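Working notes, beginning with the structure itself.
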Amino acid sequence: MQFIGGSYLAATPQLSYRRLLEALSRRGLAIQAWSYVPGFDHQAQANEAWKLFRSARPENLPALRLGHSLGCKLHLLAPDNGRGCSGLAALSFNNFSAERSVPLLAELGPRLGIQSEFSPSPSETLRLVGANYRQANNLLVRFNRDGIDQSPRLLAVLQQRPGDHSELLEKPGDHLTPASAGLRQNLLGSWADDPARQRQIDSLAETICRWWQPALLQR
């Protein structure tokens, strides 16, 4: 499994997403997680992630791509257009503009002469996905208290393609539900942990794995 996290959580995915990655590992998935600091050139970062995953991927092993928030966008922009995987699970897809993501850019960007939009832009991202992305098997997961999720917009673009098998699933939680390091448990022991949080993570991991198995048969 090739995992890309979202925003600055992705700098240390082994910590920020520890519970989810461990839950997937317990279900038999070998995991490669890319560590990065987000920039403005999302296409360049998508290319870099794809190259690193390709160099580390065991031969003849089908790959599931998993992304959270910005990580979904980077997987969608991979230079192989999704051909090198058996499916993409996209959690809390987010495609906001730079000014929406970093509000000070609207005011300071022009004054300082710095780039004030992501490349590709939100509209160009969806255009590129509709025109170039070739993976038919996509599971979009949105959480019912996530105020910045844009999965329905992505689903509409994906479903316009011939032979598409994309689906959208809603689960309880918010935008940060996939990101859980279990710090209270690590520091204070299992008695201080929130069992509901762990159940959410386990349910999410089980959902991803159950969806992926039929996707393998379609390749």
Q | Inter-probe distance in nm under a simple model that places probes 7 Å from Cα toward Cβ, at Ser121 and Ser25 | A | 4.2
Q) Can you give the FRET efficiency for Lys171 and Gln213, using 1/(1 + (r/R0)^6), R0 = 30 Å, r = Cβ-Cβ distance, to the nearest 0.05? A) 0.95
**Q.** Karplus-derived HN-Hα couplings along the stretch 17-29 (A = 6.51, B = -1.76, C = 1.60, θ = phi - 60°), whole Hz, x at Gly and Pro
**A.** 10, 4, 5, 5, 5, 5, 5, 5, 5, 5, 9, x, 8
(Q) Could you give each residue of the stretch 4-9 its phi-based ³J(HN,Hα) in whole Hz, using Karplus coefficients 6.51, -1.76, 1.60 with θ = phi - 60°, and x for Gly or Pro? (A) 10, x, x, 6, 7, 5
**Q.** Separation in nanometres of the label points that stand 7 Å from Cα toward Cβ, at Arg54 and Gln14
**A.** 2.6
Q. Stretch Glu206-Phe40 to full length: gain in nm at 0.36 nm per residue minus the Cα-Cα span?
A. 56.4 nm
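Taking 0.36 nm per residue of sequence separation and subtracting the Cα-Cα distance, how much length would be gained by fully extending the chain between Asn47 and Phe96, in nm to one decimal?
Gain on stretching Asn47 to Phe96: 15.6 nm.
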Q: Starting at the first residue of the stretch 155-161, write each ³J(HN,Hα) from the Karplus equation 6.51 cos²θ - 1.76 cosθ + 1.60 with θ = phi - 60°, in whole Hz, x for Gly and Pro.
A: 4, 4, 5, 4, 6, 7, 7
Q. Can you pull the Rg over Rh of the stretch 1-68, Cα-only, Kirkwood?
A. 0.96
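Read the figures in this text as sums done on the coordinates, not as results from a lab. Remember, predicted model here, so these are calculated numbers, not experimental data. Positions of Cβ are backbone-derived with ideal geometry, glycine not excepted, and every protein chain shown enters the neighbour counts.
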